Structures are given as structure tokens and as C-alpha cells.
Amino acid sequence: MVNPLKTGATLRHVRELIAAGLARPEEGPALEAVAERYATAIPPAFQALIESPDDPIGRQVIPALSELDIAPHEQADPIGDDALSPVPGIVHRYADRALLKPLLICPLYCRFCFRREHVGPDGGLLTDDQLETAYAWLRDNPAIREVILTGGDPLMLSPRRLGAIMRALSDIAHIETIRIHTRVPVAAPERMTPALLDAMETDRAMWLVMHANHAREFSPEARHAIRAVQARAIPVLGQSVLLRGVNDTPDALEALLRAMVSARVKPYYLHQLDPAPGTASFHVPIAEGRALLANLRGRVTGLAWPTYVLDIPGGHGKVPLGPDYLDETAATVRDPAGTRRHLNGQPA
Ligand SMILES: *Cc1c(COP(=O)(O)O)cnc(C)c1O
Ligand code: SF4
């Protein structure tokens, strides 16, 4: 068992990881090569949860030598965001909604991140001019009813900047819904201050989707931060990535989804891993993912059931991956225990 240094600082350098017992000194030089390529940050809240470097928390954030093995099918932009960007910071794939990425900074850097070639600490804060251009694009596209603030992590913005963005979006008449995608509640719960919560105020429908992959991420501090969001009448949904060595067992997945429900967080998406460079050690085959979900059916409250989704490589959109219950001829369905049942003549 490793005792991370409780320095209160975010670990960003290989030498700090070694000093904290999270990396082996003999791997230092090779890990430097990884760290040069992909940003690293382990904030105190996450550090405190790591019991050993290869546990489900450590695996998510500690750089590994395997990240330099790039498989032929892995892509720098696995879901085709770049091709779908009409102006800087906007990604538009679906008719009724668009992403707005005001910055590319995150509270921590997931080793499996689908945007790992883009995110980083010195990164990608849209300038005021670029933000104005993005707002103008949104104003010119009245079919857009929903703006999804993502990045990077929008809750890494200062309350002042986030508040300005929320006001600008709330001034566009056809925007009905604003959604924030964030890892801050579990990764840096101390950021969820009254000032940041004030900045999220809007008269539009406001939803927060938090990213967490293991039950242990729901620390008392994280739960407190989530509760503070909910207290502002903002519904909180959960999204997770299915990850080898993190949540790929029936017990780990069940514990994660139950931790969400117990924090009043509705599991929304369980993502199939996107093939970003150097992430193969996290891959779980789709058949295994479907079996994991089937294992929960009927046994675990329906509130805990996420939609298992694949973002089709190349920017073709997200689709559910099952498991399927109806057979192809629609004559039978599988019951939760896996037994085929006839529909008894009921039209399907
Ligand atoms: C994932 C994604 C969305 C949001 O999709 P939902 O299914 O509504 O959660 C929107 N735009 C882009 C480009 C996306 O990748
Ligand atoms: S928080 Fe999201 S965007 Fe940031 S590194 Fe993790 S997966 Fe990538």
C-alpha cells in the first residue's frame, strides 16, 4: 500500500509521481517520454483515493509505458470532432445540439481520454473574439436548442468566465438547454464553491453530466459537491467509460452505478472506449460490455441502468450497443435471466 504525499498540490511531473510512490524510479526516463506526449495531473482529491498505483483509481491517471504503443486502428481524433467544427470551439454533429469547448484544461488527465491529443494544462482557452464568433454561429443556427459545454472541463473556468458564457448563451432565444460535462465533482470537489454555482445560474434548462468510472470516486467530498449542484435545481447525470482494470467486473460496475444512484445521479451513458492513441490497455470488447450489462438486468434497480454507447469512429454519431432482448424476427424476447420467452401472439 502506497502512502501518497499529502502535499495538497496537484502532481504533474514524473519526479513528483516517483516521490509520491506512484511511479518506479527505474521507469522515470521512459515515463518522461509519456509525460511529454500526454498531459498528466493528479489532483489531491484523486491522490487520496489511490491505494496502489495499479488500482482502479491509479490506472486512470498515472502515466504508463503502454501509452507509447500506438495500435494501427488508433486515431488522434477518434470521433472526428475536428472535421465537424464550423468555428473554433464549436463541434456540430447533430441537428438540435452543439458542443462548445471554451478551454482544454482538465482537473486531471485521464490516460484513456478520447481528446488526449488536444487537452492539456496550457491549453486552448478560447479568446474573447473566438467566443464572440462561437456565439454568433449559435445565433445564426436556430435549429440548435442545446449547447453542451465541454472541453477540457468547463468547471475549470473561473466563476467570472463561466458566468459570462452562461449569460451569453442564455441571451440566445432558441437555446432551451445548457449542459455541462465535467469531472470536477469527483476530481476537484473543492472547486464547487458558491461562486461557481452562482455562475451556473440560468433561466434555461440546465443539466450537469459528471464523469466518474469507479465507486471510490464518490468520496464524501465528491458527494457534498454533487449535493450542492442538486441544491441549485440542476439535475445530475453520470457518464462513465468501460475500462479494463477499472470497472470491467460485474461487482465493480454494479458498485459504480449504485454509487451514482445513491448520490441521486442518474447513470446516463456507459461509453465504449474510443480508440485514442496508446489506450489499448483499457479496451474491453463490446461482447464483454454487453454481458456485463445483461448481468445487471433485473438484479439491480432500473434507475442504475445506463445506455451503453459507441461513438462510431469517423464522426458518425453515438449509438446504443445493447444488450438486445428482442430476437431478429421479433417472435421472442429474452427475460432478465436470459431465457427466451414467446410473445404469445402479441404483436411486437
Ligand atoms: C456526444 C456528443 C453530443 C451529445 O450527445 P447526446 O447523445 O445528446 O448526449 C453532441 N455533440 C457531439 C459532437 C457529441 O460528440
Ligand atoms: S476529464 Fe474528460 S476531457 Fe479531461 S482528460 Fe478526462 S476524459 Fe479527457
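The values are calculated or read from the model by the stated rules, or taken from the named source; none is laboratory data. Keep in mind that what you see is a predicted model, and the values were worked out from it rather than measured. Using ideal geometry, Cβ is built from the backbone for each residue, glycine included, and neighbour counts are taken over all protein chains shown.
Residue-wise test of (1) surrounded by fewer than 16 Cβ atoms within 10 Å (Cβ to Cβ); (2) touching a strand residue (DSSP E or B) at 6+ places or on another chain (Cβ under 7 Å); (3) not in a helix (DSSP H, G or I).
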site: 196; (1), (2), (3): no, no, no
site: 210; (1), (2), (3): no, yes, yes
site: 222; (1), (2), (3): no, no, no
site: 232; (1), (2), (3): yes, no, yes
site: 245; (1), (2), (3): no, no, yes
site: 248; (1), (2), (3): no, no, yes
site: 251; (1), (2), (3): yes, no, no
Please identify the pairs in which a residue from segment 298-319 that is under 13 Å from residue 238 (Cβ atoms) has its Cβ atom under 9 Å from the Cβ atom of a residue that is at pLDDT 95 or above and acidic (Asp, Glu), counting only partners at least 6 apart or on another chain. 304/254
I'd like to know if segment 180-189 contains one or more residues that are closer than 22 Å to residue 303 by Cα, part of a strand (DSSP E or B) and more than 15 Å from the chain's Cα centre (by Cα). no
Can you find a residue in segment 307-320 that is more than 24 Å from residue 149 (Cβ to Cβ) and modelled with pLDDT under 95? yes
Quickly run through segment 139-160 and pick out the residues that are surrounded by 15 or more Cβ atoms within 10 Å (Cβ to Cβ), assigned to a loop (DSSP other than H, G, I, E, B) and either charged (D, E, K, R) or more than 16 Å from ligand 2 (Cβ to nearest atom) (or both). 141, 144, 145, 153
Which one of 102, 78, 107 is of a type outside the set (Val, Ile, Thr), within 14 Å of ligand 2 (Cβ to nearest atom), assigned to a loop (DSSP other than H, G, I, E, B) and in contact with a strand residue (DSSP E or B) (Cβ under 7 Å, 6 or more places away or on another chain)? 102
Which of (1) at pLDDT 95 or above; (2) of a type in the set (A, V, I, L, M); (3) in contact with a helix residue (DSSP H, G or I) (Cβ under 9 Å, 6 or more places away or on another chain) is the odd one out, the single condition residue 5 does not satisfy? (1)
Can you find a residue that is free of Cβ contacts under 8 Å to residues at least 40 places away in the same chain, within 11 Å of ligand 1 (Cβ to nearest atom) and not acidic (Asp, Glu) anywhere in segment 118-133? no
